[in-house]
Amino acid sequence: MTMLSHLYILFITFGITDAIDIFLVAIMLYQLYKMVKGTAAVNVFIGLALIYIIWIIVRAFELKLLGSILGKFVNVGVIAVMVVFQQEIRKFLLYIGSNEFIKNKNWKSILMFNTEDINSSRFSLDADAIINACFNMSETKTGALIIVSRKSDLKFYVNTGEHVDSALTEKMLENIFYKNSPMHDGAVIIKDNRIIAARCVLPVTERENFPSHFGMRHRAAVGLTETTDAIAITVSEQTGHISLTVNGDINTNLNREKLRYLIEKNLKN
C-alpha cells in the first residue's frame with residue numbers, strides 16, 4: 001500500500017474521537033515540556049520526540065530497514081524515559097499524590113496553553129538587596145545559600161522548606177541567615193522578586209572530581225543548577241568568599257561589581 005493510500009484512508013476514517021485523541025496528546029506533551037523546561041533534561045525530551053516523529057515518517061514511506069532500527073529505540077522508549085527522567089517523574093508523582101494538588105488543582109492551567117509562560121523572558125529582581133546582604137554576611141563570615149528562580153519550577157524544593165512569602169530586602173536575608181536564626185540552615189528561594197521559602201533542602205552534586213575545599217552549600221548550589229536553570233549565590237562560612245553558580249559552573253571569590261555583572265547577565269539569558 002502506497003503512502004498516498006495510507007493518507008487517503010487516514011483522512012476517510014478521521015473522526016471526532018481522533019481529534020480528541022490528538023488534542024489530549026498535545027496537552028500531555030505540552031505539560032511534559034513545561035515540567036522539564038529549563039532543565040538539562042529538555043534536550044533529551046526533544047531528542048526522543050524527534051526520534052519518534054522520524055519513526056512515524058519512515059513507517060509511512062515503508063522504509064523497512066531504517067524503520068526496524070528506529071523501532072528498537074521506540075520499543076525501549078518507556079524504559080529510557082524512566083531512566084533519563086527519573087527525578088522529574090518522582091517529583092511529578094509526589095506532587096500528584098500530595099494534598100496540595102487536590103486542593104489547588106487549576107484545570108485552566110492544565111487544559112489551556114499559556115503562551116505568556118512560554119514567551120516570558122524578563123525577570124524582575126532587586127539585585128542590590130541580594131548583593132548588599134551577601135557582602136554584609138561576608139564580613140561576618142555568615143554562611144548563606146540564595147537561589148534565584150528563573151524558568152524552572154522549583155516548587156518541589158520550595159515544599160521542603162518553610163514558606164515565607166516576604167518582600168526581598170537586605171535585612172530579611174540577613175535575618176534568615178543569622179547564625180541563631182531557626183531558618184539559617186538550608187537555602188532561601190527567591191521568585192518574582194519575593195522570598196518565597198527558607199530552610200529548603202537541595203540536591204547535592206555527585207561529581208567525583210568536585211573540589212574538596214568547597215563545602216555542602218557549594219555542593220548543593222552545583223547540584224541544583226545542574227538540573228535547573230536557577231542561579232545560586234553562596235557565601236562561605238569558612239572564608240566569607242562569595243560565589244555564583246549557574247549551569248553547574250561555580251564563579252568564585254567575586255567582588256561587588258563582578259557579582260552584579262553575573263546576576264544581570266544570567267537574568268537576561
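The values are calculated or read from the model by the stated rules, or taken from the named source; none is laboratory data. What you are looking at is a predicted structure, and each value in this text was computed from that prediction instead of being measured. Heads up, the Cβs are rebuilt from the backbone with ideal geometry, glycines too, and the neighbour counts pull from every protein chain shown.
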Tell me, please, whether a residue that is surrounded by fewer than 17 Cβ atoms within 10 Å (Cβ to Cβ) and either more than 24 Å from residue 179 (Cβ to Cβ) or without any contact (Cβ under 8 Å) to a residue 24 or more places away in the chain (or both) can be found in the range 216-239.
-> yes
Answer with yes or no whether residue 167 is out of contact with any strand residue (DSSP E or B) (no Cβ under 6 Å at 6 or more places or on another chain), of a type in the set (A, V, I, L, M, F, W, C) and either closer than 19 Å to residue 125 by Cβ or not assigned by TED's automatic domain parsing to the domain that holds residue 232 (or both).
-> yes
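Could you check, for the range 81-92, whether at least one of its residues is outside the structural domain of residue 152 (by TED's automatic domain parsing) and modelled with pLDDT of 75 or more?
No: zero hits.
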Can you find a residue in the range 192-199 that is farther than 22 Å from residue 170 by Cα, polar (S, T, N, Q) and either over 23 Å from the mean Cα position of the chain (by Cα) or not in a strand (DSSP E or B) (or both)?
-> no
Qualifying positions in the range 4-28 - at pLDDT below 75 and either surrounded by 12 or more Cβ atoms within 10 Å (Cβ to Cβ) or part of a helix (DSSP H, G or I) (or both) = 4, 5, 6, 7, 8, 9, 10, 11, 12, 13, 18
Going through the range 160-197 in order, the residues found to be in contact (Cβ under 8 Å) with a residue 60 or more places away in the chain and either polar (S, T, N, Q) or in contact with a Leu (Cβ under 7 Å, 6 or more places away or on another chain) (or both) are 190, 193
Top-ranked residue of the range 162-191 - restricted to ones that are of a type in the set (A, V, I, L, M) and surrounded by fewer than 21 Cβ atoms within 10 Å (Cβ to Cβ), ranked as farthest from the chain's Cα centre (by Cα) = 172
